[in-house]
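*Asks:* So that we are looking at the same thing, I have put the structure below in structure tokens.
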């Protein structure tokens, strides 16, 4: 990680990936079943992750830690482990115009309660501000109450709501009121 986005607190670092590595592909892949049990834990596809990282219209943020409490074994104590991630896109549309989209927001269950989600959202804010995006949209599911609370504390507002919303709850975070956007 060597991007302009770098947030460090309590042995956790959030940053934007700027090059492909097997470490990142493996760490992000291992996170996916925590997002959806139907997802594989295999490493993220190299071509896909490289495209996300190299495109000026996409971003991949990761939270990493060397905190001994988050290591599963002695071997990991010597390594940095990915404990959270989020994928970002810049989207252009004839109706909405320019906006950001966020998906695959995950904090590893072993690492929850350490403000990693808030750190990732601060990274999202930096990414959207740097891209001069007026707003960000994303979807979450009603069965993720901790995530919903995180998004609302972060300042995102629900656009759609309801437990019967099979497609999820749509959120919007505005940046247009910020200076320079």
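The values are calculated or read from the model by the stated rules, or taken from the named source; none is laboratory data. Here the structure is a predicted model, which means the values were calculated and not measured. Methodologically, a virtual Cβ is constructed for each residue, glycine included, from the backbone with ideal geometry; neighbour enumeration extends over all protein chains shown.
*Asks:* Just one of 158, 144, 172 is farther than 25 Å from residue 93 by Cβ and either surrounded by 12 or more Cβ atoms within 10 Å (Cβ to Cβ) or at pLDDT 95 or above (or both); which is it?
*Replies:* 144 is the lone residue from the list that is farther than 25 Å from residue 93 by Cβ and either surrounded by 12 or more Cβ atoms within 10 Å (Cβ to Cβ) or at pLDDT 95 or above (or both).
*Asks:* Another question, then. Output the residues belonging to region 8-45 that are over 15 Å from residue 60 (Cβ atoms) and assigned to a strand (DSSP E or B). Reasoning before the result, please.
*Replies:* Initial filter on region 8-45 (over 15 Å from residue 60 (Cβ atoms)): 8-12, 33-34, 36-42.
Of everything in region 8-45, those that are over 15 Å from residue 60 (Cβ atoms) and assigned to a strand (DSSP E or B) turn out to be 8, 9, 12.
*Asks:* Which of the residues spanning region 35-60 are within 18 Å of residue 139 (Cα to Cα) and in contact with a helix residue (DSSP H, G or I) (Cβ under 7 Å, 6 or more places away or on another chain)?
*Replies:* Hits for region 35-60 are 39, 58, 59, 60.
*Asks:* Among the residues of region 3-26, which ones are within 14 Å of residue 44 (Cα to Cα) and crowded, with 17+ Cβ neighbours inside 10 Å?
*Replies:* 17, 20, 24, 25
*Asks:* Find all pairs meeting these conditions: Cβ atoms under 7 angstrom apart; at least six residues apart or on different chains; first residue within region 99-119 and part of a loop (DSSP other than H, G, I, E, B); second residue surrounded by fewer than 19 Cβ atoms within 10 Å (Cβ to Cβ) and modelled with pLDDT of 90 or more.
*Replies:* Short answer, once both residue conditions are applied: 108/34.
*Asks:* Taking residue 17, is it under 14 Å from residue 88 (Cα atoms) and touching a strand residue (DSSP E or B) at 6+ places or on another chain (Cβ under 6 Å)? Give the derivation first.
*Replies:* Details: under 14 Å from residue 88 (Cα atoms): yes; touching a strand residue (DSSP E or B) at 6+ places or on another chain (Cβ under 6 Å): yes.
Against the criterion (under 14 Å from residue 88 (Cα atoms) and touching a strand residue (DSSP E or B) at 6+ places or on another chain (Cβ under 6 Å)), residue 17 qualifies.
*Asks:* Please verify whether region 58-70 includes one or more residues that are within 17 Å of residue 17 (Cα to Cα), surrounded by fewer than 19 Cβ atoms within 10 Å (Cβ to Cβ) and modelled with pLDDT of 95 or more.
*Replies:* For region 58-70, residues within 17 Å of residue 17 (Cα to Cα), surrounded by fewer than 19 Cβ atoms within 10 Å (Cβ to Cβ) and modelled with pLDDT of 95 or more: present.
*Asks:* Residue 124 passes all but one of (1) assigned to a strand (DSSP E or B); (2) within 21 Å of residue 32 (Cα to Cα); (3) modelled with pLDDT of 95 or more; which number fails?
*Replies:* (1)
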